Amino acid sequence: MAKVSFTVCPFMCVLMLLCWSAVVRVHVSGQVDIGDVVASPDAGGRRELVPALFIFGDSLIDNGNNNDLPSFAKANYYPYGIDFNGGRPTGRFSNGLTMVDGIAQLLGLPLIPAHSQASGEQVLHGLNYASAAAGILDITGRNFVGRIPFNQQIKNFENTLDQITDNLGANDVAKSIARCLFFIGMGSNDYLNNYLLPNYNTRNQYNGQQYANLLIQEYTRQVTSLYNLGARKFILSGVGLMGCIPSILAQSPDGKCSEEVNRLVIPFNANIRAMVNDLSTNLPGSKFIFVDIYRMFQQDILGNPRAYGINVIDRGCCGIGRNSGQITCLPFQTPCANRNEYMFWDAFHPTEVVNLILARKAFDGNTDFVYPMNIQQLAAL
């Protein structure tokens with residue numbers, strides 16, 4: 001199907017966004033009953049648990065929004081995507097699926113398309129606005145030149161809403177958006193590609209707690225902006241065990257995890273958890289959950305990797321230098337053959353097998369990993 005922009009696409013035919021033509025039934029009366037969900041043909045006949053999923057974040061969940069940007073943060077080349085749909089690079093920073101791809105499948109939805117590449121009926125179940133190198137702070141990731149910071153991702157979503165509302169009416173859109181899920185995974189680059197870089201002055205201005213507080217102040221404002229645009233069901237993903245990624249391991253003389261870096265992100269994750277409580281209380285009708293990626297790695301995946309068939313936890317499957325983490329995966333580089341046995345795909349990102357483990361834990365895990373409820377429970381509300 002040819003690519004079409006939102007300004008060209010006939011909304012009434014294609015974009016019943018909202019609990020959308022693909023997931024609602026129109027009764028004889030002509031009214032749309034948003035409570036009736038049906039199976040998506042692209043989701044293997046699974047029952048769709050929500051109408052749509054909107055995604056905001058960075059390279060961990062970007063699926064192609066950076067492809068056409070003047071940016072050094074791109075993954076639209078082989079061997080990225082070597083295990084995705086016959087070996088097709090899409091812009092995902094993985095050998096295959098990302099965490100949000102796994103979540104979409106568990107929700108019974110098809111894979112959510114990138115905002116920059118959405119076409120035709122692909123947009124019926126949501127959009128992915130995530131961008132590699134993006135941060136909560138606009139200045140984050142400037143070393144990579146082109147990227148779409150979280151503030152701009154929100155503006156892109158607002159533009160989408162404006163175009164839909166012009167055709168469908170504010171009340172219908174508001175009711176429909178309120179039933180959709182909003183996944184946000186931000187913060188990693190605000191550390192890796194801001195605070196920890198020598199060409200930023202951030203570390204001289206703030207200690208770890210002060211920086212975490214600065215980030216959460218801005219993050220709270222941004223998430224509240226999405227609430228004011230109609231979002232009600234939020235999934236906030238924390239920063240992972242950053243001191244154990246190959247890029248950081250490569251900087252260690254003994255190749256061990258950096259406890260300094262791991263400790264650095266603890267206050268930020270604690271702030272997100274507190275924000276979940278505060279916003280759930282202060283924003284009427286809202287529901288927030290916190291996905292504790294840090295704890296998933298620390299207590300489960302890294303704690304017992306062989307339970308998942310993972311044997312290599314200290315280097316990337318595709319990369320150059322110490323721990324295959326000094327230079328990330330280059331075009332047409334030959335990756336490891338046993339990718340399902342690796343924790344990390346490249347210097348920064350997990351393999352598909354780990355992404356799907358994270359997705360499953362976020363979807364139906366217990367409160368040790370997802371607080372105060374999991375995604376499956378949130379979807380049912």
Among residues of segment 164-192 being at negative phi and in a loop (DSSP other than H, G, I, E, B), the residue nearest to the chain's Cα centre (by Cα) is 186
Identity of the residue in segment 138-160, out of contact with any Ser or Thr (no Cβ under 7 Å at 6 or more places or on another chain) and aromatic (Phe, Trp, Tyr), that ends up surrounded by the most Cβ atoms within 10 Å (Cβ to Cβ): 150
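Name the residues in segment 29-64 that are touching a strand residue (DSSP E or B) at 6+ places or on another chain (Cβ under 8 Å) and at pLDDT below 50, would you? Walk me through it before giving the result.
Going residue by residue through segment 29-64, those that are touching a strand residue (DSSP E or B) at 6+ places or on another chain (Cβ under 8 Å) are 32-33, 36-39, 45-48, 50, 52-58, 60-64.
Once the filter is applied, which keeps residues that are touching a strand residue (DSSP E or B) at 6+ places or on another chain (Cβ under 8 Å) and at pLDDT below 50, segment 29-64 yields 32, 33, 36, 37, 38, 39.
Per-residue answers, yes or no, for (1) aliphatic (A, V, I, L, M); (2) under 22 Å from residue 62 (Cβ atoms):
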{"site": "314", "(1), (2)": "no, no"}
{"site": "332", "(1), (2)": "no, yes"}
{"site": "336", "(1), (2)": "no, no"}
{"site": "341", "(1), (2)": "no, no"}
{"site": "346", "(1), (2)": "no, yes"}
{"site": "357", "(1), (2)": "yes, yes"}
{"site": "363", "(1), (2)": "no, yes"}
{"site": "375", "(1), (2)": "yes, yes"}
{"site": "379", "(1), (2)": "yes, no"}
Count of residues meeting criterion [over 26 Å from residue 104 (Cα atoms) and of a type in the set (A, V, I, L, M)] in segment 184-201: 3
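Kindly provide the set of residues from segment 243-265 that are of a type in the set (S, T, N, Q) and not in a helix (DSSP H, G or I), ordered by number.
Of the residues in segment 243-265, the ones of a type in the set (S, T, N, Q) are 247, 251-252, 258, 262.
The answer is 251, 252, 258.
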When you check residue 285 against the structure, is it modelled with pLDDT under 95, surrounded by fewer than 18 Cβ atoms within 10 Å (Cβ to Cβ) and outside any helix (DSSP H, G or I), yes or no? no
Identify the single condition in (1) modelled with pLDDT under 95; (2) within 23 Å of residue 209 (Cα to Cα) that residue 252 does not satisfy, given that it satisfies every other one. (2)
Would you please list the contacts, defined by Cβ atoms under 8 Å and residues six or more apart or on different chains, that run from a residue in segment 71-82 that is within 15 Å of residue 352 (Cβ to Cβ) to a residue that is modelled with pLDDT of 95 or more and of a type in the set (A, V, I, L, M)? 75/132; 81/75
Take the residues in segment 193-213 that are surrounded by 15 or more Cβ atoms within 10 Å (Cβ to Cβ) and either closer than 21 Å to residue 131 by Cβ or acidic (Asp, Glu) (or both); name whichever of them is nearest to the chain's Cα centre (by Cα). 193
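The values are calculated or read from the model by the stated rules, or taken from the named source; none is laboratory data. Please read these numbers as outputs of a predicted model, since none were measured by experiment. So basically every Cβ, Gly included, is an ideal-geometry build from the backbone, and we count neighbours across all protein chains shown.
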